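Q: Starting off with a structure, shown below.
The values are calculated or read from the model by the stated rules, or taken from the named source; none is laboratory data. None of the values given here were measured: they were computed from a predicted structure. Cβ sites come from the backbone with ideal geometry, for glycine too, and all protein chains shown count toward neighbours. Each accessible area value is taken on the protein alone, full model and side chains, heavy atoms only, with ligands, DNA and RNA left out. Shrake-Rupley method; radii C 1.70, N 1.55, O 1.52, S 1.80 Å.
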Amino acid sequence: MKTFTLKPVTALTALVTLALSANTFAMDVKFNDTTWDGKKIPEGQQCVNYNGKNPATPRMTVTDIPAGAESLVFVYNDVSNKRMQNGGHGIVEFALPKGATSAEVPPVLGHTYEVPVGIEMIAEYRSRAGEAGGAYKPPCSGGKNHLYTVDVQAWQGDTLLAETTVKMGRY
């Protein structure tokens, strides 16, 4: 039986190559409204339980979408609350025109199943007992400084092509 030993330089080269390859498939996501700065959830964009005023996801521009992507999936999370991670605040899909490398994504209103044309709800947000559901639940920690993120994923059929996580802000 032959034994192969990976030399440290080879292992480091492989690790650097893997890291660079992973970054190659990152998309660029920008909020189109300057009140969304990624640091603090804008006033009024929290859930209606805490006096939100027509809360909605931020309007976004996504660029560097990989060739062949058919849709973008937006996975909304409260990373400070285990139950609300992995899409706990809703998951929606935005259909891309063929060959698109960038997209303007409209906002999705909170606390409703109604979504803009071109967007489909994949999973409703996890609601509390007796609470109405919907496609997107705005930040709802009551101002406990929870961190909210959105994972933006590019898909071709059942294949994930790229993923970028964006900080929405703290509330």
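Q: Go over the candidates Gly87, Gly68 one by one and state the one that is on the phi > 0 side of the Ramachandran plot and more than 16 Å from the chain's Cα centre (by Cα).
A: Gly68 is the lone residue from the list that is on the phi > 0 side of the Ramachandran plot and more than 16 Å from the chain's Cα centre (by Cα).
Q: Separate question: So how many residues does region 105-164 have that are of a type in the set (S, T, N, Q) and free of Cβ contacts under 8 Å to residues at least 12 places away in the same chain?
A: 2
Q: Consider region 150-161. How many of its residues are surrounded by fewer than 19 Cβ atoms within 10 Å (Cβ to Cβ) and within 13 Å of the chain's Cα centre (by Cα)?
A: 1
Q: Hey, another quick one. Please state which of the following conditions Gly130 fails to meet, knowing it meets all the rest: (1) modelled with pLDDT under 95; (2) under 15 Å from the mean Cα position of the chain (by Cα).
A: (2)
Q: Let me ask you something else. Would you please name the residue that is farthest from the chain's Cα centre (by Cα), looking only at residues in region 17-50 that are over 17 Å from Lys167 (Cα atoms), modelled with pLDDT of 95 or more and part of a loop (DSSP other than H, G, I, E, B)?
A: The residue in question is Gly44.
Q: When region 60-107 is examined, which residues are found to be in a strand (DSSP E or B), small (Gly, Ala, Ser) and either touching a Leu at 6+ places or on another chain (Cβ under 8 Å) or under 11 Å from Thr149 (Cα atoms) (or both)? Quick ask: steps written out before the conclusion?
A: Of the residues in region 60-107, the ones in a strand (DSSP E or B) are 60-63, 71-78, 91-95, 102-105.
Still in the running and small (Gly, Ala, Ser): 71, 95, 102-103.
Correct list: Ser71, Ala103.
Q: Could you say which residue among Ala135, Ala123 is of a type in the set (Gly, Ala, Ser) and open to solvent by 10 Å² or more (accessible area, probe 1.4 Å)?
A: Values: Ala135 fails: open to solvent by 10 Å² or more (accessible area, probe 1.4 Å).
Exactly one residue qualifies, and that residue is Ala123.
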